[in-house]
Every structure is written in structure tokens, then in C-alpha cells.
Amino acid sequence: MTIATVMVYVDPEQQAEGQVRITWEVADKFGASLVGVSAFAVEPPFVAEGVIIRETTADDLKRMKSALADKEQWFRSVAGLPEGRVEWRCSVGYPTAFLTNEARSADLVVIRRTREKWINSISSIRPRR
């Protein structure tokens, strides 16, 4: 099996370099291209009793797009591969839907999994004797 494209989800609000570096190492080992994807969720308007309480404004969208552009620069600097082997895709939309749609074009997708608190508490339980 050959791997031509490795994709990594980049959290627009925070990201550890380690995840991108591991993905870069896999892409480099296989001579594959590296694709970073990221998205901001646009929440639907919050309406109570017919009155809009909160909605995404043009300034909110501008801030999100600016943050994604900044994250692209960060990603490219961490990726460290030649320009022709690094790609960035982003969207202001639902991150899960965006990632699943983009993942169709990759051979391998790397995402970060947050450990649940209960998993940590299970590991601290000692067996009875």
C-alpha cells in the first residue's frame, strides 16, 4: 500500500506542534504530500421568544477568517516540507462535516483525541488483593 496524501486536522484555537510533526514525519517517510485542514463552527442564531439574542456577525466571520489565515502560517512553518508537498484547506462552517468531506481525498487522516476524564480515573484504580 502506498500513501500519497496525509491529512491532519489543525484546531484553529489551539494546537500542539507534536501532532503536526508526527504527521509530517509520516508524510516525509512515504514521500507523501501533507494537507492541513481546519474549520471554525458558525453557530446558528440563538432566538428566544422571537428575539435574536445572539448571532454570528460580519466581525465574527472576519475574526474567524483571520484566525484561520494565522493558523495556516503556523501550520506551514511547523510542517517544514517543500511548498509543493504542503497544502492548507480551511472553512468557516461545521468542523466535523468539513473534515469528513475533505478526508475523502487523503490516504491517512490524523486527528487529536481528547481523553475522557473517566479514562484517567480508571487508570488510577488499583486491583483488590
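Brief remarks follow.
- The residues of region 69-115 that are open to solvent by 80 Å² or more (accessible area, probe 1.4 Å), among the acidic types (Asp, Glu) and either touching a Gly at 6+ places or on another chain (Cβ under 6 Å) or closer than 18 Å to GLU17 by Cβ (or both) amount to a single one, ASP70.
- Pick from region 9-24, criterion touching a Leu at 6+ places or on another chain (Cβ under 7 Å) and not in a helix (DSSP H, G or I), ranking: modelled with the lowest pLDDT: PRO12
- Residues of region 79-102 that turn out to be of a type in the set (A, V, I, L, M, F, W, C) and over 14 Å from ASP11 (Cα atoms), as a count: 4
- Qualifying residue in region 119-127 (condition: open to solvent by less than 50 Å² (accessible area, probe 1.4 Å) and at pLDDT 75 or above): no
- The set of residues in region 25-36 that are out of contact with any Leu (no Cβ under 6 Å at 6 or more places or on another chain) and crowded, with 20+ Cβ neighbours inside 10 Å comprises ALA32, VAL35, GLY36.
- Some residue of region 32-43 being at pLDDT 90 or above, part of a loop (DSSP other than H, G, I, E, B) and over 23 Å from ALA97 (Cα atoms): yes
The values are calculated or read from the model by the stated rules, or taken from the named source; none is laboratory data. Just so we're clear, the structure is a prediction, and the values are computed from it rather than from any experiment. Cβ atoms come from the backbone with ideal geometry, glycine included; neighbour counts cover every protein chain shown. Ligands, DNA and RNA are excluded from the accessible area calculation, which covers all protein heavy atoms including side chains. Shrake-Rupley method; radii C 1.70, N 1.55, O 1.52, S 1.80 Å.
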